[in-house]
Amino acid sequence: MAQIELSAIRKSFDGTDVLKGIDFRIEDGEFISLVGPSGCGKSTLLRIIAGLEPQNSGEVRIDGRPVDAIRPSARNLAMVFQSYALYPHLSTFDNIAVPLRMRRLSAIERLPLLGPLLPGRRVKERAIRADITAIAEQLDIAPLLRRKPGQLSGGQRQRVAVGRAMVREPRAFLFDEPLSNLDAKLRVHMRAELAELHRRLEATFVYVTHDQAEAMTMSSRIAVMMGGELIQAGTPAQIYNDPSDIRVAEFIGSPKINILPGRIRNDGGIDVLGTALRLACKATAGDCRVGVRPERIELGAGPFSGSVVHLENLGAEAFVHLAIEGTALRLIARLADVRHLPAMGSALAFGFPPDAVRVFDPAGKRIELRAEQAERIREPAHV
Amino acid sequence: MSRTHSVTLRAVLRHVLLIAGAAIMLAPFIWMISTASKPQTEVFSSELHLIPYRFALVENLREAFAKANLLRFLLNGVIVTISIFVLQVMVALPAAYALAKLRFVGRETLFALVLFGILIPPQATAIPVFLLLHKVGLLDSYAALVLPFTISVFGIFLMRQFFKTVPDDLVDAARMDGISEFGIVWRVMLPAAIPAVTAFGIFSVVAHWNDYFWPLIVLNSEQLRTPPLAVAHFRNNEAGTSYGPLMAAAMVIIAPLVIAFLFAQRRFIEGITLTGIK
Ligand SMILES: Nc1ncnc2c1ncn2[C@@H]1O[C@H](COP(=O)(O)OP(=O)(O)O)[C@@H](O)[C@H]1O
Ligand SMILES: [Mg+2]
């Protein structure tokens, strides 16, 4: 149950800036995903929150209290690592018991030979056993308690790692790409399980991933990181529909958003591939980039035309790759109805509704379309 | 047809070579066992024969045990080698952990010094260390046999290389769980590094069990003698060298290592491949 605040966090390794001033606030009970391409500094940020890595400047506050001088274990956060990081020589039971023993037993009680003889230890061990049994029931790992990590499958190890995090009842859970070592099917299954776990525990989850699908499906809020900066945060729907930066638009969504070259005219109107869109903006005239999601491309009618160069039929949906006539550009359209696939090589007309259009300036920043203009063009679907 | 022929020929040739090599390596041991089994008269007879006409192994052993307190010397060997190994581990593991997993200024320089330390032969520092022990008044004691070897740069190097292969996440998980840095060394790194510790243990115990040079320099008292010194002492006895008992004693002192080898043959081979020592 914790609220985590980051202010102006900076970190560099060997003179390279890895985090360039991160300001962010994670609310109590939130499932927040930090998502971004590999190497953008997600893990580093998570490790700074955990206290495993000191930041060069900036402050981390948990529930309003600065924690920068506090050891990782005393911050009372739990972390699940990509490699699970289970102690290979300990059984599942002992792995889960480690954080409890470290917290509840005194140094003397932890001694290898003498400790178990002390009367106090026996009482505490009984309480620890009860806690672990309860967790094992919840996670369905009760039959595995005697096994060593080497004898567990990837999914089972993952559960044990979650159990080790849960058993200490931390203020927040930190996950660093916990699903990326699992096979695709299991990953989808574990997504649902983790989301359910979050709802049940009502704890703060900070979840790092480079997989936008994981972020979209599990989180209550997503924070997108690129090159050491946090460029946008919001609900999955906001991030998907309303990206503030072309890098966000391109990173979120699969297949990728289609980007077409455009031009803003002096009167604020927008041209794409030589066709005027019924849209306008206040930005100064010049080049721009126009993004349209694959599912918003409408095949069969419209001012543009292209030829089918590739088809991906997934059964429930299909993706049509089009080469746009007269250019080297490719775009992808999603077809919901796979019973009527266009033929390979056939020429197709296509278009898209104005409200599907997202416009970005040459630096990648989103350009707001003029509201009254967007409202006026309700009736013609195609330009 | 001809191919299988040449293959078998090559295999035969290979085995002949290997057997010849093995024979050269084993000859001294076989000679030792042979001599240990011969009565004095046969040892000095001019004809060469491997199998004694009269087996005198039991007599020779009895004489060896009567002449010198062999059990005491074996015990000394055990005390000294075990103490050295335990202390070496207690020094090397924390040092290796720091060099492998902690980030601090000068770490690479320190590691370079460790590597440099491996290059220095123990004989080169023998006299300064001897003088030091003399000044401290520790000559002719167990401490003199043990202390100079407690810091093993080779051990630090070996363990550091092994710790490098332990994932950082495991160390971080231990920190999150509340284990202290020293706790991590003993509770997380040591169990993960058992193969490397075993390998180092084999190396260390064999080297110090067989060490002749250093005990010879620092010891005077008979009751502190280590096994190799004890054997050597059979030589300059007043009445000339009695080879039978000497070889019998030599058999006795290498027996613990040979028996240990037979019991832990696989570990031994693993360890030696791991360290790259031959
Ligand atoms: N301990 C370290 N020493 C040096 N560079 C590091 C260290 N940890 C991370 N980096 C660098 O920082 C950058 C960000 O790393 P990381 O936070 O792991 O990225 P992500 O988790 O987003 O893939 C990478 O370029 C990486 O090489
Ligand atoms: Mg990472």
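Exactly one of these conditions fails for B:Val16: (1) modelled with pLDDT under 85; (2) farther than 26 Å from B:His208 by Cβ; (3) of a type in the set (A, V, I, L, M). Give me its number.
Among (1) modelled with pLDDT under 85; (2) farther than 26 Å from B:His208 by Cβ; (3) of a type in the set (A, V, I, L, M), B:Val16 violates only (1).
Of the residues A:Asp337, A:Asp287, only one is among the charged types (D, E, K, R), assigned to a loop (DSSP other than H, G, I, E, B) and touching an Asp or Glu at 6+ places or on another chain (Cβ under 9 Å); which?
One residue alone meets the criteria, A:Asp337.
When you scan the range A:12-37, how many residues do you find that are within 16 Å of ligand 2 (Cβ to nearest atom), more than 21 Å from A:Phe173 (Cα to Cα) and in contact (Cβ under 8 Å) with a residue 60 or more places away in the chain?
Residues in the range A:12-37 being within 16 Å of ligand 2 (Cβ to nearest atom), more than 21 Å from A:Phe173 (Cα to Cα) and in contact (Cβ under 8 Å) with a residue 60 or more places away in the chain: 3 in total.
Based on what the data block shows, is A:Phe81 modelled with pLDDT of 90 or more, surrounded by 14 or more Cβ atoms within 10 Å (Cβ to Cβ), closer than 18 Å to B:Met176 by Cα and more than 10 Å from chain B (Cβ to nearest Cβ)?
Against the criterion (modelled with pLDDT of 90 or more, surrounded by 14 or more Cβ atoms within 10 Å (Cβ to Cβ), closer than 18 Å to B:Met176 by Cα and more than 10 Å from chain B (Cβ to nearest Cβ)), A:Phe81 does not qualify.
Among the candidates A:Arg110, A:Arg122, A:Arg191, A:Arg164, which residue alone is open to solvent by 50 Å² or more (accessible area, probe 1.4 Å), out of contact with any Leu (no Cβ under 6 Å at 6 or more places or on another chain), part of a helix (DSSP H, G or I) and not aliphatic (A, V, I, L, M)?
Answer to the check: A:Arg122.
Among the residues of the range B:176-191, is there at least one that is over 14 Å from the mean Cα position of the chain (by Cα), of a type in the set (A, V, I, L, M, F, W, C), open to solvent by 60 Å² or more (accessible area, probe 1.4 Å) and within 14 Å of chain A (Cβ to nearest Cβ)?
Looking through the range B:176-191, at least one residue is over 14 Å from the mean Cα position of the chain (by Cα), of a type in the set (A, V, I, L, M, F, W, C), open to solvent by 60 Å² or more (accessible area, probe 1.4 Å) and within 14 Å of chain A (Cβ to nearest Cβ).
Output yes when any residue across the range B:244-253 is small (Gly, Ala, Ser) and surrounded by fewer than 20 Cβ atoms within 10 Å (Cβ to Cβ), and no when none is.
No; the residues of the range B:244-253 include none that is small (Gly, Ala, Ser) and surrounded by fewer than 20 Cβ atoms within 10 Å (Cβ to Cβ).
Which one is nearest to ligand 2 (Cβ to nearest atom) among residues in the range A:208-231 that are over 9 Å from the mean Cα position of the chain (by Cα) and either surrounded by 21 or more Cβ atoms within 10 Å (Cβ to Cβ) or outside the structural domain of A:Asp23 (by TED's automatic domain parsing) (or both)?
Looking at the filtered set, the residue picked out is A:Met225.
So which of A:Gly300, A:Gly345 ends up being in a strand (DSSP E or B) and in contact (Cβ under 8 Å) with a residue 12 or more places away in the chain?
Only one candidate qualifies: A:Gly300.
Give me a count of the residues in the range A:52-78 that are more than 10 Å from chain B (Cβ to nearest Cβ), out of contact with any Lys or Arg (no Cβ under 8 Å at 6 or more places or on another chain) and not in a loop (DSSP other than H, G, I, E, B).
5
Can you find, within the range A:45-60, the residue that is farthest from A:Asp176 (Cα to Cα) among those that are of a type in the set (D, E, K, R) and within 12 Å of ligand 1 (Cβ to nearest atom)?
Among those residues, the one meeting the criterion is A:Glu53.
Could you list all residues from the range A:266-284 that are open to solvent by less than 80 Å² (accessible area, probe 1.4 Å), closer than 14 Å to A:Leu369 by Cβ and assigned to a loop (DSSP other than H, G, I, E, B)?
Within the range A:266-284, A:Gly268, A:Ala283 meet the criteria.
Does any residue of the range A:26-42 turn out to be within 14 Å of chain B (Cβ to nearest Cβ), surrounded by 17 or more Cβ atoms within 10 Å (Cβ to Cβ) and either β-branched (Val, Ile, Thr) or over 25 Å from A:Arg159 (Cα atoms) (or both)?
no
Failed condition for A:Leu139, given (1) of a type in the set (A, V, I, L, M); (2) more than 16 Å from ligand 2 (Cβ to nearest atom); (3) touching an Asp or Glu at 6+ places or on another chain (Cβ under 7 Å), with all others met?
Every listed condition holds for A:Leu139 apart from (3).
Could you list, in sequence order, all residues of the range B:102-119 that are touching a residue at least 24 places away in the same chain (Cβ under 8 Å), open to solvent by 30 Å² or more (accessible area, probe 1.4 Å) and either more than 22 Å from B:Met189 (Cα to Cα) or charged (D, E, K, R) (or both)?
The answer is B:Ile118, and nothing else.
Can you tell me which residue is nearest to ligand 1 (Cβ to nearest atom) among those in the range A:5-17 that are away from chain B (no Cβ under 14 Å) and open to solvent by less than 30 Å² (accessible area, probe 1.4 Å)?
A:Ile9
The values are calculated or read from the model by the stated rules, or taken from the named source; none is laboratory data. Keep in mind it's a predicted model, so treat the numbers as computed, not measured. For neighbour counting, all protein chains shown are included, and Cβ atoms are generated from backbone atoms with ideal geometry for every residue, glycine included. SASA here: full protein model, heavy atoms, side chains in, ligands and nucleic acids out. Shrake-Rupley method; radii C 1.70, N 1.55, O 1.52, S 1.80 Å.
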